[in-house]
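A short write-up of the structure that comes next.
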Amino acid sequence: MEKSKRKLSLPAWIFIGMVAGILAGLAFLKIPEFTDEWIKPIGTIYINLLKFLVVPVVVCSITAGVISLKDLKRVGSVGVKTFIYYMFTTALAVVIGLVIVNLFKGAFQPLSSTELGDLAYEAAEAPSVMDVIVGIFPDNLFGPMVSADMLPVIVIAIFFGAGILAAGERGKKIGALVEDMNEVVMKIMMMIIKITPIGVFCLMTNVVAVNGPKIVGTLALVIGIAYLSYLIHVVVVYGLSVRFLSGMNPIKFAKGIYPAFICAFTTTSSNATLPLNIECCNNMGAEPEISSFVLPLGATINMDGTAIYQAVATVFIAACYGMNLTIGDMAMVVLTATLASVGTAGVSGAGMIMLAMVLTSIGVPVEGIAIIAGVDKLFDMGRTALNITGDATCALWISKLERNKKAKVAAK
Ligand code: ASP
(Lines give C-alpha, C1' and ligand atoms only; values in the text may rest on other atoms or scores of the structure.)
Protein backbone atom coordinates (compact mmCIF):
# COMPACT_ATOMS: atom_id res chain seq x y z
CA MET A 1 0.00 0.00 0.00
CA GLU A 2 1.26 3.48 -0.82
CA LYS A 3 2.31 5.59 2.12
CA SER A 4 -0.07 8.45 1.32
CA LYS A 5 -3.04 6.09 1.31
CA ARG A 6 -2.32 4.98 4.84
CA LYS A 7 -2.21 8.53 6.14
CA LEU A 8 -5.32 9.66 7.97
CA SER A 9 -6.78 13.04 7.09
CA LEU A 10 -6.82 15.94 9.53
CA PRO A 11 -10.60 15.69 10.12
CA ALA A 12 -10.13 12.01 10.97
CA TRP A 13 -7.39 12.89 13.45
CA ILE A 14 -9.57 15.60 15.00
CA PHE A 15 -12.34 13.07 15.47
CA ILE A 16 -9.94 10.56 17.00
CA GLY A 17 -8.65 13.32 19.30
CA MET A 18 -12.18 14.01 20.52
CA VAL A 19 -13.11 10.38 21.16
CA ALA A 20 -9.77 9.70 22.87
CA GLY A 21 -10.36 12.83 24.97
CA ILE A 22 -13.76 11.57 26.12
CA LEU A 23 -12.27 8.19 27.07
CA ALA A 24 -9.33 9.77 28.87
CA GLY A 25 -11.73 12.15 30.66
CA LEU A 26 -13.77 9.19 31.89
CA ALA A 27 -10.59 7.49 33.07
CA PHE A 28 -9.62 10.63 35.01
CA LEU A 29 -13.08 11.23 36.52
CA LYS A 30 -11.78 10.61 40.03
CA ILE A 31 -8.77 12.89 39.65
CA PRO A 32 -10.01 16.02 37.84
CA GLU A 33 -7.23 18.04 39.57
CA PHE A 34 -4.73 16.09 37.51
CA THR A 35 -6.35 16.97 34.18
CA ASP A 36 -6.88 20.54 35.32
CA GLU A 37 -3.24 20.95 36.22
CA TRP A 38 -1.50 18.96 33.51
CA ILE A 39 -3.74 18.36 30.52
CA LYS A 40 -5.86 21.50 30.33
CA PRO A 41 -2.78 23.80 30.03
CA ILE A 42 -1.77 22.02 26.82
CA GLY A 43 -5.27 22.73 25.48
CA THR A 44 -4.81 26.32 26.64
CA ILE A 45 -1.59 26.61 24.62
CA TYR A 46 -3.54 25.53 21.55
CA ILE A 47 -6.31 28.05 22.23
CA ASN A 48 -3.74 30.81 22.86
CA LEU A 49 -2.09 30.14 19.52
CA LEU A 50 -5.44 30.39 17.78
CA LYS A 51 -6.35 33.50 19.70
CA PHE A 52 -3.20 35.43 18.96
CA LEU A 53 -3.99 35.00 15.30
CA VAL A 54 -7.59 36.22 15.53
CA VAL A 55 -7.00 39.95 15.10
CA PRO A 56 -4.60 39.56 12.14
CA VAL A 57 -6.96 37.03 10.51
CA VAL A 58 -9.99 39.28 10.89
CA VAL A 59 -8.23 42.48 9.83
CA CYS A 60 -6.46 40.91 6.84
CA SER A 61 -9.30 38.73 5.67
CA ILE A 62 -12.05 41.34 5.97
CA THR A 63 -9.92 44.05 4.38
CA ALA A 64 -8.83 41.67 1.62
CA GLY A 65 -12.45 40.52 1.29
CA VAL A 66 -13.66 44.10 0.84
CA ILE A 67 -10.90 44.82 -1.69
CA SER A 68 -11.68 41.70 -3.69
CA LEU A 69 -15.34 42.69 -3.94
CA LYS A 70 -13.89 45.48 -6.12
CA ASP A 71 -16.53 48.15 -5.70
CA LEU A 72 -18.17 49.70 -2.69
CA LYS A 73 -21.69 49.00 -3.94
CA ARG A 74 -20.94 45.28 -3.98
CA VAL A 75 -19.54 45.48 -0.45
CA GLY A 76 -22.80 47.11 0.61
CA SER A 77 -25.00 44.55 -1.11
CA VAL A 78 -23.10 41.52 0.23
CA GLY A 79 -22.96 43.15 3.68
CA VAL A 80 -26.69 43.85 3.82
CA LYS A 81 -27.66 40.34 2.66
CA THR A 82 -25.29 38.77 5.17
CA PHE A 83 -26.64 40.89 7.99
CA ILE A 84 -30.28 40.10 7.18
CA TYR A 85 -29.54 36.36 6.96
CA TYR A 86 -27.71 36.44 10.28
CA MET A 87 -30.42 38.33 12.14
CA PHE A 88 -33.23 36.26 10.68
CA THR A 89 -31.66 32.90 11.55
CA THR A 90 -30.79 34.14 15.03
CA ALA A 91 -34.36 35.25 15.72
CA LEU A 92 -35.54 31.83 14.48
CA ALA A 93 -33.08 30.22 16.87
CA VAL A 94 -34.52 32.08 19.85
CA VAL A 95 -38.04 31.08 18.85
CA ILE A 96 -37.02 27.41 18.54
CA GLY A 97 -35.32 27.58 21.95
CA LEU A 98 -38.39 29.17 23.54
CA VAL A 99 -40.84 26.67 22.05
CA ILE A 100 -38.80 23.63 23.12
CA VAL A 101 -38.04 24.87 26.63
CA ASN A 102 -41.70 25.75 27.17
CA LEU A 103 -42.68 22.19 26.26
CA PHE A 104 -40.55 20.91 29.15
CA LYS A 105 -41.16 23.77 31.56
CA GLY A 106 -43.37 21.65 33.82
CA ALA A 107 -40.32 19.63 34.85
CA PHE A 108 -38.52 22.63 36.38
CA GLN A 109 -39.05 23.06 40.11
CA PRO A 110 -38.77 26.44 41.84
CA LEU A 111 -35.72 26.42 44.15
CA SER A 112 -36.18 26.98 47.90
CA SER A 113 -35.39 30.40 49.31
CA THR A 114 -32.31 29.03 51.09
CA GLU A 115 -30.95 27.67 47.84
CA LEU A 116 -31.67 30.95 46.08
CA GLY A 117 -30.26 32.96 48.99
CA ASP A 118 -26.87 31.31 48.51
CA LEU A 119 -26.57 32.48 44.94
CA ALA A 120 -24.15 35.17 44.04
CA TYR A 121 -23.24 36.24 40.55
CA GLU A 122 -21.41 39.41 39.68
CA ALA A 123 -23.31 40.73 36.69
CA ALA A 124 -21.82 44.19 36.50
CA GLU A 125 -20.26 43.44 33.12
CA ALA A 126 -23.49 43.06 31.13
CA PRO A 127 -23.89 46.12 28.92
CA SER A 128 -27.19 47.70 27.89
CA VAL A 129 -28.51 47.45 24.33
CA MET A 130 -27.36 51.00 23.53
CA ASP A 131 -23.91 50.29 25.01
CA VAL A 132 -23.59 47.35 22.63
CA ILE A 133 -24.46 49.57 19.65
CA VAL A 134 -22.14 52.42 20.70
CA GLY A 135 -19.36 49.90 21.40
CA ILE A 136 -19.34 48.82 17.74
CA PHE A 137 -17.70 52.09 16.73
CA PRO A 138 -14.04 52.42 17.73
CA ASP A 139 -12.75 55.63 19.29
CA ASN A 140 -9.15 54.71 18.56
CA LEU A 141 -7.29 52.43 16.22
CA PHE A 142 -5.26 50.21 18.51
CA GLY A 143 -7.41 49.78 21.63
CA PRO A 144 -9.86 47.30 20.08
CA MET A 145 -7.01 45.33 18.48
CA VAL A 146 -5.10 45.03 21.74
CA SER A 147 -8.16 43.86 23.65
CA ALA A 148 -9.39 41.73 20.70
CA ASP A 149 -12.71 43.56 20.79
CA MET A 150 -13.96 42.19 17.51
CA LEU A 151 -16.92 44.40 16.53
CA PRO A 152 -14.86 47.61 16.38
CA VAL A 153 -11.99 45.67 14.76
CA ILE A 154 -14.39 44.63 12.00
CA VAL A 155 -15.52 48.23 11.53
CA ILE A 156 -11.88 49.32 11.25
CA ALA A 157 -11.16 46.58 8.68
CA ILE A 158 -14.23 47.47 6.59
CA PHE A 159 -13.26 51.16 6.58
CA PHE A 160 -9.69 50.25 5.71
CA GLY A 161 -10.80 48.14 2.76
CA ALA A 162 -13.33 50.77 1.67
CA GLY A 163 -10.63 53.47 1.87
CA ILE A 164 -8.31 51.40 -0.33
CA LEU A 165 -11.06 50.94 -2.92
CA ALA A 166 -12.03 54.61 -2.81
CA ALA A 167 -8.40 55.67 -3.35
CA GLY A 168 -8.42 53.90 -6.75
CA GLU A 169 -4.94 53.77 -8.38
CA ARG A 170 -3.24 55.24 -5.32
CA GLY A 171 -4.69 52.52 -3.11
CA LYS A 172 -3.50 49.64 -5.28
CA LYS A 173 -0.07 49.16 -3.67
CA ILE A 174 -1.38 49.01 -0.16
CA GLY A 175 -4.20 46.75 -1.37
CA ALA A 176 -1.60 44.33 -2.78
CA LEU A 177 0.29 44.48 0.51
CA VAL A 178 -2.86 43.56 2.45
CA GLU A 179 -3.50 40.64 0.09
CA ASP A 180 0.06 39.37 0.56
CA MET A 181 -0.23 39.80 4.30
CA ASN A 182 -3.48 37.84 4.20
CA GLU A 183 -1.66 34.99 2.45
CA VAL A 184 1.07 34.98 5.10
CA VAL A 185 -1.46 34.96 7.95
CA MET A 186 -3.33 32.07 6.31
CA LYS A 187 -0.09 30.06 6.12
CA ILE A 188 0.57 30.62 9.85
CA MET A 189 -3.00 29.60 10.47
CA MET A 190 -2.49 26.32 8.61
CA MET A 191 0.51 25.53 10.79
CA ILE A 192 -1.54 25.99 13.94
CA ILE A 193 -4.52 24.08 12.54
CA LYS A 194 -2.29 21.04 12.16
CA ILE A 195 -2.08 20.61 15.94
CA THR A 196 -5.88 20.73 16.34
CA PRO A 197 -6.19 16.98 17.19
CA ILE A 198 -3.88 17.43 20.20
CA GLY A 199 -5.70 20.56 21.35
CA VAL A 200 -9.08 18.86 20.97
CA PHE A 201 -7.87 15.81 22.91
CA CYS A 202 -6.62 17.87 25.88
CA LEU A 203 -9.66 20.13 26.07
CA MET A 204 -12.12 17.26 25.83
CA THR A 205 -10.31 15.22 28.48
CA ASN A 206 -10.57 18.08 30.92
CA VAL A 207 -14.24 18.86 30.23
CA VAL A 208 -15.29 15.26 30.80
CA ALA A 209 -13.09 14.78 33.89
CA VAL A 210 -14.25 18.02 35.54
CA ASN A 211 -17.92 18.13 34.57
CA GLY A 212 -18.78 14.46 34.50
CA PRO A 213 -20.41 14.15 37.92
CA LYS A 214 -22.13 17.53 37.73
CA ILE A 215 -24.38 16.55 34.85
CA VAL A 216 -27.13 15.20 37.01
CA GLY A 217 -30.81 15.88 37.58
CA THR A 218 -32.34 19.13 36.45
CA LEU A 219 -29.16 20.53 35.02
CA ALA A 220 -28.86 17.51 32.76
CA LEU A 221 -32.44 18.17 31.66
CA VAL A 222 -31.78 21.83 30.77
CA ILE A 223 -28.61 20.87 28.96
CA GLY A 224 -30.59 18.19 27.11
CA ILE A 225 -33.27 20.75 26.16
CA ALA A 226 -30.62 23.15 24.87
CA TYR A 227 -29.03 20.37 22.81
CA LEU A 228 -32.39 19.26 21.45
CA SER A 229 -33.04 22.84 20.33
CA TYR A 230 -29.54 23.06 18.81
CA LEU A 231 -30.24 19.86 16.91
CA ILE A 232 -33.62 21.07 15.61
CA HIS A 233 -32.06 24.33 14.49
CA VAL A 234 -29.26 22.52 12.65
CA VAL A 235 -31.57 20.05 10.94
CA VAL A 236 -34.45 22.38 10.08
CA VAL A 237 -32.94 25.84 9.59
CA TYR A 238 -29.45 24.93 8.35
CA GLY A 239 -30.68 21.83 6.53
CA LEU A 240 -33.23 23.87 4.58
CA SER A 241 -30.81 26.73 4.02
CA VAL A 242 -28.07 24.48 2.66
CA ARG A 243 -30.51 22.49 0.53
CA PHE A 244 -32.63 25.27 -0.92
CA LEU A 245 -30.56 28.45 -0.68
CA SER A 246 -27.15 26.98 -1.47
CA GLY A 247 -28.37 24.02 -3.54
CA MET A 248 -26.06 21.64 -1.69
CA ASN A 249 -26.68 18.19 -0.28
CA PRO A 250 -26.92 18.62 3.54
CA ILE A 251 -24.96 15.39 4.09
CA LYS A 252 -22.15 16.74 1.97
CA PHE A 253 -22.31 19.93 4.00
CA ALA A 254 -22.17 17.98 7.26
CA LYS A 255 -19.06 16.15 6.06
CA GLY A 256 -17.43 19.38 4.94
CA ILE A 257 -18.11 21.36 8.08
CA TYR A 258 -17.32 18.76 10.69
CA PRO A 259 -13.61 19.58 11.28
CA ALA A 260 -14.63 23.16 12.12
CA PHE A 261 -17.64 21.87 14.08
CA ILE A 262 -15.44 19.74 16.34
CA CYS A 263 -12.90 22.52 16.70
CA ALA A 264 -15.70 24.88 17.85
CA PHE A 265 -17.16 22.20 20.11
CA THR A 266 -13.90 21.76 21.98
CA THR A 267 -12.37 25.26 21.90
CA THR A 268 -15.76 26.93 22.63
CA SER A 269 -14.63 29.92 20.64
CA SER A 270 -15.97 31.05 17.27
CA ASN A 271 -12.96 33.32 16.87
CA ALA A 272 -10.52 30.50 17.44
CA THR A 273 -12.43 28.34 14.96
CA LEU A 274 -12.50 31.03 12.28
CA PRO A 275 -9.38 29.93 10.38
CA LEU A 276 -10.58 26.34 10.15
CA ASN A 277 -14.08 27.45 9.20
CA ILE A 278 -12.70 29.53 6.32
CA GLU A 279 -10.73 26.50 5.18
CA CYS A 280 -13.75 24.16 5.39
CA CYS A 281 -16.06 26.55 3.54
CA ASN A 282 -13.56 27.13 0.74
CA ASN A 283 -13.15 23.37 0.41
CA MET A 284 -16.91 23.06 0.09
CA GLY A 285 -16.90 25.50 -2.80
CA ALA A 286 -17.51 28.86 -1.13
CA GLU A 287 -15.91 31.77 -2.96
CA PRO A 288 -12.77 32.73 -0.98
CA GLU A 289 -13.55 36.45 -1.35
CA ILE A 290 -16.98 35.85 0.18
CA SER A 291 -15.91 33.54 2.99
CA SER A 292 -13.15 35.93 4.00
CA PHE A 293 -15.76 38.62 4.49
CA VAL A 294 -18.85 36.73 5.66
CA LEU A 295 -17.17 34.33 8.12
CA PRO A 296 -15.20 36.80 10.26
CA LEU A 297 -18.33 38.94 10.43
CA GLY A 298 -20.36 35.88 11.43
CA ALA A 299 -17.84 34.77 14.06
CA THR A 300 -18.50 38.10 15.73
CA ILE A 301 -22.17 38.89 15.21
CA ASN A 302 -23.93 35.66 14.28
CA MET A 303 -24.54 33.43 17.28
CA ASP A 304 -27.57 31.20 16.80
CA GLY A 305 -26.41 28.69 19.40
CA THR A 306 -25.86 31.44 21.93
CA ALA A 307 -29.33 32.82 21.22
CA ILE A 308 -30.92 29.39 21.80
CA TYR A 309 -28.98 28.96 25.01
CA GLN A 310 -30.10 32.38 26.23
CA ALA A 311 -33.76 31.58 25.54
CA VAL A 312 -33.55 28.20 27.28
CA ALA A 313 -31.54 29.52 30.24
CA THR A 314 -33.87 32.48 30.75
CA VAL A 315 -36.99 30.32 30.99
CA PHE A 316 -35.17 27.86 33.26
CA ILE A 317 -33.81 30.50 35.64
CA ALA A 318 -37.19 32.24 35.75
CA ALA A 319 -38.78 28.89 36.68
CA CYS A 320 -36.21 28.42 39.48
CA TYR A 321 -37.52 31.70 40.91
CA GLY A 322 -41.10 30.52 40.44
CA MET A 323 -41.70 33.12 37.71
CA ASN A 324 -43.91 32.45 34.71
CA LEU A 325 -43.03 34.36 31.57
CA THR A 326 -45.81 36.07 29.60
CA ILE A 327 -46.02 36.25 25.82
CA GLY A 328 -44.79 39.85 26.10
CA ASP A 329 -41.77 38.63 28.09
CA MET A 330 -41.08 36.02 25.43
CA ALA A 331 -41.20 38.65 22.67
CA MET A 332 -38.73 40.71 24.70
CA VAL A 333 -36.50 37.64 25.00
CA VAL A 334 -36.52 37.22 21.20
CA LEU A 335 -35.46 40.83 20.76
CA THR A 336 -32.84 41.03 23.48
CA ALA A 337 -31.38 37.56 22.90
CA THR A 338 -30.94 38.40 19.20
CA LEU A 339 -29.18 41.64 20.10
CA ALA A 340 -27.24 40.03 22.95
CA SER A 341 -25.91 37.41 20.59
CA VAL A 342 -24.68 40.17 18.26
CA GLY A 343 -22.86 41.73 21.18
CA THR A 344 -21.45 38.40 22.36
CA ALA A 345 -17.77 38.07 21.61
CA GLY A 346 -16.77 34.87 19.85
CA VAL A 347 -14.84 33.65 22.87
CA SER A 348 -15.42 31.02 25.48
CA GLY A 349 -18.12 31.82 28.01
CA ALA A 350 -19.10 35.20 26.56
CA GLY A 351 -22.70 34.11 26.01
CA MET A 352 -23.20 33.63 29.72
CA ILE A 353 -22.15 37.20 30.45
CA MET A 354 -24.56 38.52 27.85
CA LEU A 355 -27.33 36.39 29.33
CA ALA A 356 -27.47 38.99 32.09
CA MET A 357 -28.75 41.49 29.52
CA VAL A 358 -31.65 39.20 28.57
CA LEU A 359 -32.56 38.41 32.18
CA THR A 360 -32.50 42.08 33.16
CA SER A 361 -34.80 43.03 30.29
CA ILE A 362 -37.63 40.94 31.74
CA GLY A 363 -36.86 41.33 35.42
CA VAL A 364 -35.44 37.87 36.18
CA PRO A 365 -32.79 38.08 38.95
CA VAL A 366 -29.35 38.04 37.39
CA GLU A 367 -27.90 36.07 40.32
CA GLY A 368 -29.79 33.13 38.81
CA ILE A 369 -26.95 32.72 36.33
CA ALA A 370 -25.05 31.10 39.21
CA ILE A 371 -27.41 28.10 38.96
CA ILE A 372 -26.07 27.16 35.55
CA ALA A 373 -22.64 28.79 35.62
CA GLY A 374 -20.94 25.59 36.78
CA VAL A 375 -21.95 23.72 33.66
CA ASP A 376 -21.73 26.62 31.25
CA LYS A 377 -18.90 24.92 29.42
CA LEU A 378 -21.27 22.13 28.38
CA PHE A 379 -23.81 24.59 26.97
CA ASP A 380 -21.00 26.55 25.37
CA MET A 381 -19.62 23.57 23.45
CA GLY A 382 -22.88 23.03 21.59
CA ARG A 383 -23.71 26.69 21.11
CA THR A 384 -20.30 27.53 19.65
CA ALA A 385 -20.50 24.60 17.24
CA LEU A 386 -23.87 25.92 16.13
CA ASN A 387 -22.62 29.48 15.87
CA ILE A 388 -19.91 28.64 13.37
CA THR A 389 -22.15 26.27 11.38
CA GLY A 390 -24.61 29.12 10.86
CA ASP A 391 -21.81 31.32 9.54
CA ALA A 392 -20.81 28.60 7.09
CA THR A 393 -24.35 28.24 5.71
CA CYS A 394 -24.40 31.97 5.04
CA ALA A 395 -21.01 31.93 3.29
CA LEU A 396 -22.23 29.16 0.98
CA TRP A 397 -25.48 30.94 0.20
CA ILE A 398 -23.89 34.32 -0.55
CA SER A 399 -21.24 32.55 -2.67
CA LYS A 400 -24.00 30.94 -4.70
CA LEU A 401 -25.76 34.29 -5.19
CA GLU A 402 -22.53 35.91 -6.32
CA ARG A 403 -21.78 33.04 -8.71
CA ASN A 404 -25.25 33.33 -10.21
CA LYS A 405 -24.79 37.05 -10.62
CA LYS A 406 -21.47 36.55 -12.39
CA ALA A 407 -22.97 33.91 -14.67
CA LYS A 408 -25.80 36.26 -15.61
CA VAL A 409 -23.40 39.07 -16.41
CA ALA A 410 -21.25 36.68 -18.46
CA ALA A 411 -24.30 35.42 -20.39
CA LYS A 412 -25.26 38.95 -21.44
N1 ASP B 1 -18.38 30.66 22.98
C2 ASP B 1 -19.30 31.24 22.05
C3 ASP B 1 -18.59 31.50 20.73
O4 ASP B 1 -17.43 31.76 20.69
C5 ASP B 1 -19.92 32.49 22.55
C6 ASP B 1 -20.77 32.15 23.73
O7 ASP B 1 -20.24 32.05 24.84
O8 ASP B 1 -21.98 31.95 23.54
O9 ASP B 1 -19.22 31.45 19.71
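Mind listing which GluC sites (Glu not before Pro) in the range 1-109 are in a DSSP loop and have 12 or fewer other Cβ atoms within 10 Å? Kindly include the intermediate steps, with their values, before the conclusion.
Numbers: sites: E2, E33, E37; in loops: E2.
Counting only loop positions with at most 12 other Cβ atoms within 10 Å, the GluC sites (Glu not before Pro) in the range 1-109 are E2.
Accessible area per residue, 1.4 Å probe, Å², for the range 274-356: what's the number?
23 Å²
Compute the angle between helix 217-232 and the longest alpha-carbon principal axis of the chain, please, reported from 0 to 90 degrees and rounded to the nearest 10.
30 degrees
With every protein chain kept in place and ligands, DNA and RNA left out, what is the accessible area per residue of the range 129-227? Probe 1.4 Å, answer in Å².
Using a 1.4 Å probe on heavy atoms only, each residue of the range 129-227 averages 54 Å².
Roughly what angle does helix 376-411 make with the longest principal axis of the chain, taking Cα atoms, 0 to 90 degrees, to the nearest 10?
Tilt of helix 376-411: around 30 degrees.
Positive end of the charge dipole of the chain (Lys, Arg +1 and Asp, Glu -1 on Cβ, about the Cα centre): tell me which of L26, V178, N102 has its Cα farthest that way.
Towards the positive end, the residue furthest out is V178.
Per DSSP helix of 4 or more residues, -39500 (n - 2.57); summed, then divided by the residues of the chain. What does that give at 222 nm, rounded to the nearest 500? Please list the in-between numbers first.
Details: 20 runs with 302 residues, N = 412.
Mean residue ellipticity, 222 nm, calculated: -24000 deg cm²/dmol.
Ignoring any ligand, DNA or RNA, what whole percent of the accessible area of the chain comes from carbon and sulfur when the probe is 1.4 angstrom?
Reported share for carbon and sulfur atoms: 70 percent.
Just to confirm the number: angle between the C-alpha axis of helix 304-320 and the first principal axis of the chain, 0 to 90 degrees, nearest 10?
With both axes taken from Cα atoms, the answer is about 10 degrees.
Would you work out which of V312, A337, I398 lies farthest towards the positive end of the dipole of the range 301-412? Charges go on Cβ: Lys and Arg +1, Asp and Glu -1.
After comparing all options, I get I398.
Before I look further, what does the range 18-90 give for accessible area per residue, probe 1.4 Å, in whole square angstrom?
The answer is 50 Å² per residue.
Just flag the trypsin sites (Lys or Arg not before Pro) in the range 1-72 sitting in loop per DSSP whose Cβ has no more than 16 other Cβ atoms within 10 Å.
Loop-located and lightly packed - K7, K30, K70.
The values are calculated or read from the model by the stated rules, or taken from the named source; none is laboratory data. Quantities reported herein were computed from a predicted structural model and do not represent experimental measurements. Reconstructed Cβ throughout: ideal geometry from the backbone, glycine too, with neighbour counts over all protein chains shown. The area values use the complete protein model at the heavy-atom level, side chains included, leaving out ligands, DNA and RNA. Shrake-Rupley method; radii C 1.70, N 1.55, O 1.52, S 1.80 Å.
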